[in-house]
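As structure tokens, the structure follows; a few thoughts come after it.
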Amino acid sequence: MFGDVRYNNFNSYLQKKFGCRVYKISLDAGLGCPNRELGTPCVYCDAQGSGTGASLEQASIEDQMTKWMRSYRKYYSAEKFIAYFQAYTNTHATVSELKQLYIRALHFDDVVGLAIGTRPDCVDHEKIDMISSFAGDYEVWVEYGMQTSHDKTLSLIQRGHTYADLKKAVAMTKGSGVKICVHVIIGLPGESYDDIMQTAHEVAQLGIDGVKIHLLHVIKGSQLEQWYLNGDIRLLDKETYVHFVCDFLEVLPPNILIQRLTGERHQDMLTAPKWCLQKAVVIRDIQRELKRRNSRQGLRWKDKNSGL
Ligand code: SF4
């Protein structure tokens, strides 16, 4: 149903919709994050707030857009782009400040979309209404950091919100014209295979449009790095991760767009596991495993929902 890929690939969706490959420009607006301001960042987060670090170098949104659009055009002959506010919490400002920020990125030629990464406890109706005002002219996504459906894990990793907060944010966003993506992490401390699959079943029931699946990885300078160096946590090996991702995909509805299948960090920032640096190999192995099983995204979701 998805060709050889066997999952509902986000890039293919964009290619079909816009007639060419669409490139995401990762932006760092330096908006900060409520968790970091409280002095209790998520245990896996570093000073760059899971972003490029551009705001720490005082690079404006215009500088970042110009630099990366030029680079993608030069090296990949890119034609169209999505402005992706990635670092920190990109709804952590007033509605008017946020609106101006998004407009500054959208006014560049050939930008066809807006993606906003944020925490589920940092949106309200006013912010969603403002974001949805762009949805008539652009491909607009909000990406919520869900990570897991288990409150005990959310507490352990210092997320500062609950699963109920995520469900509330999703309910608030649904029907606004803004598409919803959630981020999940596989391999979180203390989580069993059954815990991970329970999260997969919860994601399947949320009625969202997209998912980013991340591998738990250790970034230099994070609290998680201390846990790892002290031997307090164990990381997944590649084979186990591939197996878990395939199981996860099987229970998701076939219509959910898969935006990411593993983590992505520069080698200078990564402590472990080193195997995740070979992103293409991980994705290839996931595809091979689905093929070996003669499986695909939605295989077990369909069985469950058709009562078979
Ligand atoms: S919400 Fe995001 S930016 Fe804030 S501490 Fe957690 S990972 Fe870092």
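The values are calculated or read from the model by the stated rules, or taken from the named source; none is laboratory data. These numbers were taken from a predicted model, which means no experiment stands behind them. Virtual Cβ from ideal backbone geometry, glycine too; neighbours counted across all protein chains shown. Protein only, heavy atoms only, side chains kept; ligands, DNA and RNA dropped before computing areas. Shrake-Rupley method; radii C 1.70, N 1.55, O 1.52, S 1.80 Å.
Below is a table of values for the structure above.
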item: Test for Val111: is it hydrophobic (A, V, I, L, M, F, W, C), surrounded by fewer than 20 Cβ atoms within 10 Å (Cβ to Cβ) and either within 16 Å of the ligand (Cβ to nearest atom) or under 30 Å from Val242 (Cβ atoms) (or both); result: no
item: Pair list, Cβ < 9 Å and 6+ apart or interchain, from segment 251-268 residues that are modelled with pLDDT of 95 or more to residues that are acidic (Asp, Glu); result: Asn255/Asp209; Ile256/Asp209; Leu257/Asp209; Gln259/Glu143
item: Residue identified as at pLDDT below 95, aromatic (Phe, Trp, Tyr) and under 24 Å from Ala47 (Cβ atoms) among Tyr88, Tyr84; result: Tyr88
item: Hits in segment 254-295 - residues which are out of contact with any helix residue (DSSP H, G or I) (no Cβ under 8 Å at 6 or more places or on another chain), loosely packed, with under 13 Cβ neighbours inside 10 Å and under 22 Å from Ser26 (Cα atoms); result: His266, Asp268, Ala280
item: Residues (more than 29 Å from Ala47 (Cα to Cα) and touching a Ser or Thr at 6+ places or on another chain (Cβ under 6 Å)) located in segment 225-249; result: none
item: Helices (runs of 4 or more DSSP H) fully within segment 1-106 counting 2 or more residues that are more than 16 Å from the ligand (Cβ to nearest atom) and either farther than 30 Å from Pro254 by Cα or open to solvent by less than 60 Å² (accessible area, probe 1.4 Å) (or both); result: 10-18, 61-76, 95-106
item: Of all residues making up segment 141-159, the number that are within 13 Å of the ligand (Cβ to nearest atom) and either assigned to a strand (DSSP E or B) or buried (at least 19 other Cβ atoms within 10 Å of the Cβ) (or both); result: 8
item: Among (1) open to solvent by 10 Å² or more (accessible area, probe 1.4 Å); (2) away from the ligand (no atom under 16 Å from the Cβ); (3) of a type in the set (Phe, Trp, Tyr), the one test that Tyr163 misses; result: (2)
item: Positions within segment 166-201 being among the polar types (S, T, N, Q), touching a residue at least 24 places away in the same chain (Cβ under 8 Å) and open to solvent by 10 Å² or more (accessible area, probe 1.4 Å), in sequence order; result: Ser176, Gln198
item: Number of the exception - Val251 against (1) within 26 Å of Val123 (Cα to Cα); (2) surrounded by 15 or more Cβ atoms within 10 Å (Cβ to Cβ); (3) within 19 Å of the chain's Cα centre (by Cα); result: (1)
